[in-house]
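The values are calculated or read from the model by the stated rules, or taken from the named source; none is laboratory data. As the structure is a prediction and not an experimental result, all values here were calculated from the model. So basically every Cβ, Gly included, is an ideal-geometry build from the backbone, and we count neighbours across all protein chains shown.
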Amino acid sequence: MRKGLKRSADSARIPRARNAPSRQRQLLIDACISALHIYGPSRTTVEKVVAIAKMSPGIVRFYFASKAAMLVASLQFLSSEFEEQLLVPVTRLKSRPVAALELMVDLYLDPEIASPRKVSVWYAFWGEASSRQEYYDICGQKDESFAVLVRELIERLIVETCQLHLDADGIALGLIGVLEMLWQDFAFRNEADIDRPAAKRRAMAYLRSVFPGRFAALPDPGSEVREAPLAAWVYADGRVFAAEREALFAGSWQLAGARSQVPGPGDFLTVDLGMERVLLVRGADGQVRAFRNSCTEAPHSLVAAHDGRADPIECKIHGLQFDWQGRSLGRGGTADLTLLEQRAVGELILVRSPGRPPPLRSADDPSAGAADQWAAFRAPAESRMPAAPREIAVRANWKLVVEQWLESDVSAAARSSAPGWSARRYLDLLGSVADFHWQRRFIAPNHLIELRPDGFTVLQAVPSGPERCRLRIHEYTVCETDRPARVAQYLASRQSPYTRPSTVALIESTQQGLVTFGYGADGARAAPAVAAFRRQLTTLMPLLALARPPHEMP
């Protein structure tokens, strides 16, 4: 990088009295930077510098022992400026890698640091053979520090998003390369010809392509960005609810349960996922299979019980029987059970409707990854489910639940440093492992995963109707016995906002305000992740962008 800076012990020896800060000295440095921009290091002379500064040649000797000392002082000034205005403030945000990287891009491309005249000085020293040693002496260490900082921020973000398959070195090098190419473009332009907002959008687009949903898209002056909530009608319309089932949920992976919930051959578990009724059965071969929990004669629930053992699977109403592999037993002509698409993520069992392509993803998708959102999730290998999932009935549209998740940004540092009783007891219980940061990960369209030192929680917003949904809460623990697991989960729940009664009440009140009273929030600015979620919805379902239902349009 051209930005790293280090005060060289070999810099020109200047009498102590002449090192005092001085407005005239700074004027000479500014003029020297301009001369370097115009002429380059070898053709810059004292006469050209004082001509730009409109000062007498003799004044240079008062502040600098030689032309070389003045040139080095100019590079040292740029070096110190880069450190103070970029490295220091970005380093302060290391615990918040998204905010730190956003600030880094903003400052790196700011005209205060990246003006054409200053950028050209960096490249002049770098490119001119006679000046390379001065560049290395002054900037070498800081260049390395900058690269280390970028790499550390990328690594923190990889851990935070659970995308452990990513290469931190390669991504960091890519970001540095993007910024360098933008600087090179600046060096050959006039300030009036530089589109800095476009340059920042290009740099942030790189980060969004690697970490979808973590960075908000910068607004394009030529396009209008909707920040206010979607129109109230989309949170209560039955036709929207039906369209969402097809466009969003039919092709998305949904968490159905865990392998431990069907421990032996013939054991089953039934789950209502809103868009599918699922029957999980473990076969004699030890494999867990997911079927549509629907009788082949009529679309009622084939198995009404929540869990148990079936030998065989049967519909007593119609006299039908099926084996553990879903094959029909008895009279000919009876169809086999419909097998759902299934995948395993550790102990988790995910299902989706058969033959449905996954929803398309945009660059702004707040999910974990466009190609495969669940692939990057790595649950602790020793985790187990100490109790069955619990459910909370919410009198609100599922989208409001997701928006509340994305609006809430409770950092691990805030929780760990909280003075409350729950935080102190949690730290006492977990000990040194509590230093592990809490991590949050949204997987579109309706899952939120929270990783903690004691285990992890998967929240699932299951649509039940246009104005109601169910919040399914799957708790997993790494604690060896149930009592510490229950204590740790209770203390964690007191520090997490997602399932508090007050949060549910807020969501339900918002639903009532939007639909019953018609209250709006026009002009309100949404959190970046919320805005990205809404844009994704309107991309997949353009009718959601309408201010009124289609049948009410003139």
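The table below gives the values:
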read-out: Answer from Arg292, Arg309, Arg331, Arg282 - the residue that is modelled with pLDDT of 95 or more and surrounded by fewer than 17 Cβ atoms within 10 Å (Cβ to Cβ); value: Arg309
read-out: Arg415 at pLDDT below 75, crowded, with 17+ Cβ neighbours inside 10 Å and more than 24 Å from His165 (Cα to Cα); value: yes
read-out: Some residue of the range 350-369 being surrounded by fewer than 16 Cβ atoms within 10 Å (Cβ to Cβ), of a type in the set (Asp, Glu) and modelled with pLDDT under 85; value: no
read-out: The listed residue being at pLDDT 80 or above and surrounded by fewer than 16 Cβ atoms within 10 Å (Cβ to Cβ), out of Val88, Val98; value: Val88
read-out: Hey, Ser79 modelled with pLDDT under 85, among the polar types (S, T, N, Q), part of a helix (DSSP H, G or I) and under 26 Å from Arg201 (Cβ atoms) or not; value: no
read-out: Lone qualifier among Trp421, Trp398, Trp438 - being on the phi < 0 side of the Ramachandran plot and modelled with pLDDT of 90 or more; value: Trp398
read-out: One residue from Thr510, Thr516, Thr538 being modelled with pLDDT of 85 or more and in contact with a helix residue (DSSP H, G or I) (Cβ under 8 Å, 6 or more places away or on another chain); value: Thr510
read-out: Residue list for the range 108-142, filter: surrounded by fewer than 20 Cβ atoms within 10 Å (Cβ to Cβ), among the aliphatic types (A, V, I, L, M) and either under 32 Å from the mean Cα position of the chain (by Cα) or modelled with pLDDT of 80 or more (or both); value: Ile113
read-out: Options Val60, Val98, Val90, Val46; residue that is in contact (Cβ under 8 Å) with a residue 24 or more places away in the chain and under 24 Å from Gln184 (Cβ atoms); value: Val90
read-out: Boolean, Arg534 is farther than 26 Å from Glu347 by Cβ, under 26 Å from the mean Cα position of the chain (by Cα) and basic (Lys, Arg); value: yes
